[in-house]
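Okay, structure first, notes after.
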Amino acid sequence: MSASRPGIGLLFAPRRGSGSWWCLWWCWLAAVGVTVGSGDPWMSTEACPSTCSCSSTRISCVDPEQGINAFPALQSETEMENITDIYIANQSSFSSINDKDLHYYKNLRNLTVINSRLTYVSKLAFQNNIKLQYLNLKDNNLSSLSWRLFKHLNISYLILTGNPLHCSCENMWIKLWLGDEVDSQDLRCIEDGGVRKLMSRLILPNCEVPMATLNPPRVEVMEKENVQLTCITSGVPSPELIWDMSLVTNYVIETSGQNSVMRLSNLSWMDHNSKISCTAENVVGERESSLLLDILFPPRITKLSDAIPDHHWCIPFSVAGNPKPELKWFRNGVSVTEGRYILTRIHDTTEREYHGCLQLDSPTHINNGKYRLVAKNKYGSDEKEVEAHFMHEPWEGVGTEPSYYDGPPVNPPEDRVAVYVVVGIAAVAFTGFLLMLVILKFGGNSKFGIKGPSSVISNDDDSASPLHHVSNGSNTPSSSEMGPDAVIIGMTKIPVIENPQYFRSTNSLLKTDTFVQHIKRHNIVLKRELGEGAFGKVFLAECYNLSPDQEKILVAVKTLKEASENARKDFHREAELLTNLQHEHIINQVAADFDLSLLKSMRAESDTLHLNDHRSSELEHEHLCDSFNRAADAHGRTWHMEEFSRTGEAVGEALALRLGPGKALRRDDVFVTSKLWNTKHDPRDIEGACRTSLAHLGLSYLDLYLMHWPMAFQPGKELMPRREDGSICYSDTHYRDTWTAMETLVDKGLVKAIGLSNFNARQMDDIIGVARHKPVVNQVECHPYLSQVDLVSHCRSVGVCVTAYSPLGSGDRPWASPDEPSLLDDPRLGAIAHKYHRTPAQVILRWHVQRGVVCIPKSVTPSRIQQNLQVFDFSLTDQDMKLIESFNRHERFIVPSVERDGKRVWRDAEHPHFPFHDPY
């Protein structure tokens, strides 16, 4: 996730003198994947052509006067490997992309070549750019393009508008690959007569995607037997037939026309689970048919090693066998009884082997001996033995203790030189002590220290202030108030408080897979001030010994300017919220793809408040775009788009005005969420639905993609498929299958994270039980009239963040009846708002923030957008928090309902996955 990235850290609480000002320091390791070498994030001008501008990660060439005819070649391969973004525009001499042009740009993710004269792209142009996701070739002279360019890539966004593409068979793949995006790009091709035709309407005879069929579709056979496979292909133009496999077994292939036979003889067990694929390729595309060899064979113990200490003692082994063998251990011929302290663990499973160890917890000499492993399945068995020695016998090596006191004592020789050295050192130390007293007395704002309450670090890049442990022997006048665990920043002594969200020992709210790395305080060196958020200032620092691959890494230190009790609670809640929301997405990518733009996550404006476009479908298109621009002016950086609301294109236009080269925002500066609608739950439709959302938004990836409801509707173009009686047509697709398909979007880089919406606790646990990518959020209706206390508590216990939609009670909902209560008009709420000199809406949002709930208020007017962001400079008392929670009526306002027999009832209550039958 990129809008809000928590890290691992410590809380520091400094106090100066005897005043009441405190300063809590949270070393927030928003991991920056930049090794701090020269300290300058920009490359030298000599490394960049004069006609372009370059940073450490981006090259931009837009000057039409002094143009380029090829991609710039920087001074070193390392500089080129660091580039992730290349933007070329208005270059009349730029006509081709050849095999080696991008060879060294191995980490390139976004490539734009627009409004130039590009006419040719080699089929091997992107062979080294496996991370490429976004390709914009708009307004060039391309007449054709081969799909083989992208065969090995996961391109999520391809723009070809404005090219004179021929209406030929070799371009038919573009229509098939882009799908609905062909119309959204208004992509056209040129027929032989020069007529421009919509690509979506292109139909050509004798031009079809090939097919491949492999028979038999499944192979289960004993080792050493023979197998014959047949591949049949079809398609126009006639496809090329390609076998792809890596086998130990001997094989022979015989091909005749579009049929091919592979004969495997004397199958080896080492080919178990090996993939054999048959592919048909022509200019339109490719199709593959494949199978996994299921070879049955008796167990083989391929490795049994000596015992090694690794947290616990471990006797490593590797065993192959199909079916999976049963394992049994013997020590000195006696069966080993496994239990809490001795047990077999499998750590890794490959295509045909199981790797693990016999784990022994604190073994003694009693556990020494010969260990024999026996592996069995129905086809045979295997066994191996190893000697294991954990501890010497207690009586081993016992003998007569040598005497150390025989003979008279010997006086040490006199060392007069050593005496002189010691006396000299003492004199120098005493002189230094006196000098330090003089400096402290008269130094002022000298380079030896920083005086005054407003400065704690130097802005000079070469005079950074390290965080050091305080010696127990030196005390400042205020040290008696601090305790022994303190640090020094410059000349200021600061007590240390650990962040309880990261270091509490019991009842931790962190996710089970959260990884905490303890950093010694003297390894953190402050560099310069970066800016100020709602809680306090943010500083750039260097952190040593964080990564085994890099000596030091840039990190961010976030501060709290006022340490009142309520401010402390807010700080802790923010730590908990961000940890549960996105902590794993930080840790999985430390020192990989991060840069200084990640510090945007420290803005209070987007930490817990998001700007929502869900309500605004009735607004004029221009009005909606204008609202988003106002939100951006108000420092909003998080947008929530639902495909059902049909506002994606408006959001895309608004983003296009603000986002991109030479504009106010970069892609990493914004956080965009979209949702999968109910008619797209079929696993076959999910990637297409996501790509459609990306096309509407003009983005190459989403930061967060949510399953809108656990209920699936009948697939099709109708968003609300209905029967003749008006009831909704449901689908039996299970939300677990939908989730599994959504996980592939993460794998392909189309989305950064995935989550849920409107799921109850049972359904959420159901997803977590099968998930490879754990849901990071559950978005539900939540407001004081529906406080969701039990659901919020459950989500917190499993490490899932709660996002509240309709956090203000949706008082402007058009279906509200006159007798329904209005949350914002509740007099109890009005009294609390008057007490804090705030609006009722700000009080509710503050209530959400202090509960650790992310909220997405509806925002279209400038004044309300600004008000929604002004909730971080006050806190509600515990008494007022409880009072607001007592407003709970368990009343849902945002559930589709219909009138039956004169009563309003939930429309989808009969759906088998309707979530609101459960209590929470």
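The values are calculated or read from the model by the stated rules, or taken from the named source; none is laboratory data. From a predicted model like this one, the values you see are computed outputs, not experimental measurements. Cβ atoms come from the backbone with ideal geometry, glycine included; neighbour counts cover every protein chain shown. For the accessible areas, the whole protein counts, side chains as well, though only heavy atoms, and no ligand, DNA or RNA atoms are used. Shrake-Rupley method; radii C 1.70, N 1.55, O 1.52, S 1.80 Å.
With a 1.4 Å probe and all protein chains left in place, how much of the accessible area of segment 696-841 comes from carbon and sulfur atoms, in whole percent?
52
Taking the Kirkwood radius as the inverse of the mean 1/r across Cα pairs, report the Rg/Rh of segment 644-714.
Taking Rh as the inverse mean 1/r over Cα pairs, Rg/Rh reads 1.02.
What ³J(HN,Hα) values, in whole Hz, does the Karplus curve 6.51 cos²θ - 1.76 cosθ + 1.60 give for segment 305-318 when θ = phi - 60°, with x put for Gly and Pro?
Going residue by residue, I get 10, 5, 5, 10, x, 8, 6, 10, 6, 9, 9, x, 8, 9 Hz, with x marking Gly and Pro.
Provide Tyr105, Tyr420 ordered by accessible surface of protein heavy atoms (probe 1.4 Å), highest first.
My answer, sorted largest first, is Tyr420, Tyr105.
Please list 299-312, 80-93 highest first by mean number of surrounding beta-carbon atoms within 10 Å per residue.
Ranking, from highest mean packing down: 80-93, 299-312.
How would Thr78, Thr337 line up by accessible area, probe 1.4 Å, largest first?
Accessible-area ranking of Thr78, Thr337, largest first: Thr337, Thr78.
Using a 1.4 Å probe, what is the accessible area per residue for segment 135-293, in Å²?
For segment 135-293, the solvent-accessible area averages 48 Å² per residue.
Quick one: ranking Tyr836, Tyr785, Tyr104 by accessible area, 1.4 Å probe, largest first, what do you get?
Largest to smallest exposure gives the sequence Tyr104, Tyr836, Tyr785.
Thinking of segment 157-308 as a set of Cα atoms, what percent of all their pairs are more than 27 Å apart?
46
Determine ³J(HN,Hα), in whole Hz, for all residues of segment 135-146 in sequence, where each value follows from phi through the Karplus function 6.51 cos²θ - 1.76 cosθ + 1.60 and θ = phi - 60°; x replaces Gly and Pro.
9, 10, 10, 5, 6, 10, 10, 6, 9, 7, 8, 8
First compute the accessible area of segment 174-218 with a 1.4 Å probe, then give the percent of it belonging to carbon and sulfur atoms. Walk me through the intermediate numbers first.
Values: 1380 of 2790 Å².
Its accessible area is 50 percent carbon and sulfur atoms.
Would you mind getting the accessible area per residue of segment 761-920, heavy atoms of the protein chains only, 1.4 Å probe, in Å²?
Details: 7290 Å² over 160 residues.
Ligands and nucleic acids excluded, the figure is 46 Å² per residue.
Using θ = phi - 60° and the Karplus relation 6.51 cos²θ - 1.76 cosθ + 1.60, list the HN-Hα couplings for segment 70-79 in order, rounded to whole Hz, with x at every Gly or Pro.
Per-residue couplings from phi come out as 7, 5, x, 10, 6, 5, 9, 5, 4, 4 Hz.
State the extension gain, in nm to one decimal, for the chain segment bounded by Ala656 and Ser234, taking 0.36 nm per residue of separation less the distance between their alpha-carbons.
Result: 147.6 nm gained on full extension.
Only sites in a loop by DSSP and with at most 14 other Cβ atoms within 10 Å count here; which GluC sites (Glu not before Pro) in segment 703-788 make the cut?
Of the GluC sites (Glu not before Pro), the ones in loops of segment 703-788 whose Cβ has at most 14 other Cβ atoms within 10 Å are Glu718, Glu724.
Using a 1.4 Å probe over the heavy atoms of the protein chains, calculate the carbon and sulfur portion of the accessible area of segment 41-125 as a whole percent. Intermediate values should be presented prior to the final figure.
On the way: 1880 of 4160 Å².
With neighbouring chains kept in place, the figure for segment 41-125 is 45 percent.
Can you pick out the pairs among Lys324/Lys752; Lys663/Lys835; Lys123/Lys663; Lys275/Lys303 whose Cα atoms lie more than 31 Å from each other? Working shown, then result.
Working: Lys324/Lys752 36 Å; Lys663/Lys835 42 Å; Lys123/Lys663 33 Å; Lys275/Lys303 25 Å.
Over 31 Å Cα-Cα: Lys324/Lys752; Lys663/Lys835; Lys123/Lys663.
Decide, for segment 242-374, between rounded, prolate and oblate: order the square roots of the alpha carbon gyration tensor eigenvalues as a ≥ b ≥ c, take rounded if a/c falls under 1.5, and otherwise choose prolate if a/b is larger than b/c, else oblate.
The shape class here is prolate.
Suppose R0 equals 35 Å. What FRET efficiency, 1/(1 + (r/R0)^6) with r the Cβ-Cβ distance, do Leu247 and Leu198 give to the nearest 0.05?
Numbers: r = 47 Å, r/R0 = 1.34.
It comes to 0.15.
Sorted by mean Cβ packing within 10 Å, highest first, what order do the peptides 95-103, 165-173, 887-895, 849-857 take?
849-857, 165-173, 95-103, 887-895
Over segment 143-215, how many percent of alpha carbon pairs lie in each 10 Å bin up to the one with the longest distance?
Whole-percent P(r) values from 0 Å outward: 18, 51, 25, 5, 1.
Applying a 10 Å radius around every beta-carbon, put 760-771, 187-198, 672-683, 706-717 in order of their mean neighbour count, most first. Can you show the working numbers first?
On the way: 760-771: 16.6, 187-198: 13.4, 672-683: 24.1, 706-717: 20.2.
The peptides rank, most packed first, as 672-683, 706-717, 760-771, 187-198.
Could I have the simple spin-label model distance between His365 and Cys729, label points 7 Å from Cα toward Cβ, reported in nm to one decimal?
That separation, rounded to one decimal, is 8.0 nm.
How much accessible area per residue does segment 305-371 have, counting only protein heavy atoms and a probe of 1.4 Å, in square angstrom?
Details: 3760 Å² over 67 residues.
Normalised by residue count, the accessible surface of segment 305-371 is 56 Å².
Sequence-distant or interchain residues sharing an amide H contact under 5 Å with Thr302, placed H: which?
Long-range HN contacts for Thr302: Ser318, Val319, Ala320.
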